[in-house]
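Note sheet for the following structure.
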Amino acid sequence: MKVYHIVYEPTFKYVTIHTWTDCNLSCHGCYCQYEILDFGLIDDWAARVANAAPASPPNRFLTLDAVMGRLDGLDIEGAVFIGTEPSLDPELPALAEALHRRFACYNILMTNGVKLTDMKHIDEVIFSLKAISDDIYRDYTGRSNNKTLENFRAVHSSGKKLQAECLLIPGYIDAAEVENVARFIAGVDRDIPLRIDGYFSLNGHPWPAATISDVGKAAQLAKKHLSKVNYLTGDMKRIGDKAVKIF
Ligand code: SF4
């Protein structure tokens, strides 16, 4: 498998399984290029990525059996697959199935939505929409958002539980673009939840970190279109106990 890192959140009984794949996007604000450990392990995450040099990619990976072995003895109610892009790991569907069988847990896939995988054992999909204006999306990721938007609609039509997220980057992907994202989602279903992530500034990039106030204003615009909007920024306090590294 492409699994290189696993953490466990004891407060929530969730395991986060990180894959490292050749991502099909090249986002300017890709945190994985600066820190490959889960942010739940790091107290000063925002400061870390603001000052870090680009990180080396992981060089140790687990087989599916080894992943399941590492999870032995844990009380797991949910699993989150996160990346670089987890859908590009061909063994992800088998891992999701193995987790369902062993733990009957709630499986959540976080994806950029460019390429869909077998979702039979995925209970919920969180799509990172990034931007709706194709020029902004192309500039930020290096390709068109046509496929992602088409796949977002397809997953919704399939009846799978669905959420969306987007990133507010002051001076780049701003509140007006977040409102465009909300408008697009509302055109599919206004009850799909949207989470707005505030950008953490990255070493060598010109954009400042988004503050709670920045993200709150963007959320107000998004709420004009959607029934469920929440947000996350680097200056918000952690909820629950610190994550534990399993691998
Ligand atoms: S989709 Fe995610 S993993 Fe891929 S480049 Fe963008 S931020 Fe990085």
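Worth a mention:
The rows are residues; the columns are (1) among the hydroxyl-bearing types (Ser, Thr, Tyr); (2) out of contact with any helix residue (DSSP H, G or I) (no Cβ under 8 Å at 6 or more places or on another chain).
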position: VAL188; (1), (2): no, no
position: ASP191; (1), (2): no, yes
position: TYR199; (1), (2): yes, yes
position: HIS205; (1), (2): no, yes
position: ALA209; (1), (2): no, no
position: LYS217; (1), (2): no, no
position: ALA222; (1), (2): no, no
position: HIS225; (1), (2): no, no
position: ASP241; (1), (2): no, yes
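- Restricting region 102-121 to residues that are of a type in the set (S, T, N, Q) and part of a loop (DSSP other than H, G, I, E, B) leaves a set whose member that is nearest to the ligand (Cβ to nearest atom) is ASN112.
- Residue selected from region 29-43 under the condition more than 9 Å from the ligand (Cβ to nearest atom), in a loop (DSSP other than H, G, I, E, B) and not aliphatic (A, V, I, L, M), by the criterion nearest to ILE169 (Cα to Cα): TYR34
- Some residue of region 183-197 being surrounded by 22 or more Cβ atoms within 10 Å (Cβ to Cβ) and assigned to a helix (DSSP H, G or I): yes
- Pairs, first away from the ligand (no atom under 15 Å from the Cβ) in region 141-164, second of a type in the set (Phe, Trp, Tyr) and not in a helix (DSSP H, G or I), C-beta under 8 Å, six or more apart: VAL155/PHE127; LEU162/PHE127; GLN163/PHE127
- Residue list for region 68-81, filter: open to solvent by 40 Å² or more (accessible area, probe 1.4 Å) and within 16 Å of the ligand (Cβ to nearest atom): none
- Of note, ASP22 satisfies the criterion of being touching a residue at least 24 places away in the same chain (Cβ under 8 Å), assigned to a loop (DSSP other than H, G, I, E, B), within 14 Å of the ligand (Cβ to nearest atom) and surrounded by fewer than 14 Cβ atoms within 10 Å (Cβ to Cβ).
- Scan region 25-36 for residues that are crowded, with 17+ Cβ neighbours inside 10 Å and of a type in the set (A, V, I, L, M) and the total you get is 1.
- If you go through region 87-138 and keep only what is without any contact (Cβ under 8 Å) to a residue 24 or more places away in the chain and under 23 Å from ALA176 (Cα atoms), you end up with ASP134, ASP135, TYR137, ARG138.
- Residue within region 71-93 that is in contact with a helix residue (DSSP H, G or I) (Cβ under 7 Å, 6 or more places away or on another chain), of a type in the set (D, E, K, R) and under 30 Å from ASP174 (Cα atoms) present: no
- Residue among LEU168, LEU99 that is surrounded by 20 or more Cβ atoms within 10 Å (Cβ to Cβ), assigned to a strand (DSSP E or B) and at pLDDT 95 or above: LEU168
The values are calculated or read from the model by the stated rules, or taken from the named source; none is laboratory data. None of these values were measured; they are calculated from a predicted model. No Cβ is skipped: glycine too gets one built from the backbone with ideal geometry, and neighbour counts run over all protein chains shown. The accessibility values were calculated without ligands, DNA or RNA, using every heavy atom of the protein model including side chains. Shrake-Rupley method; radii C 1.70, N 1.55, O 1.52, S 1.80 Å.
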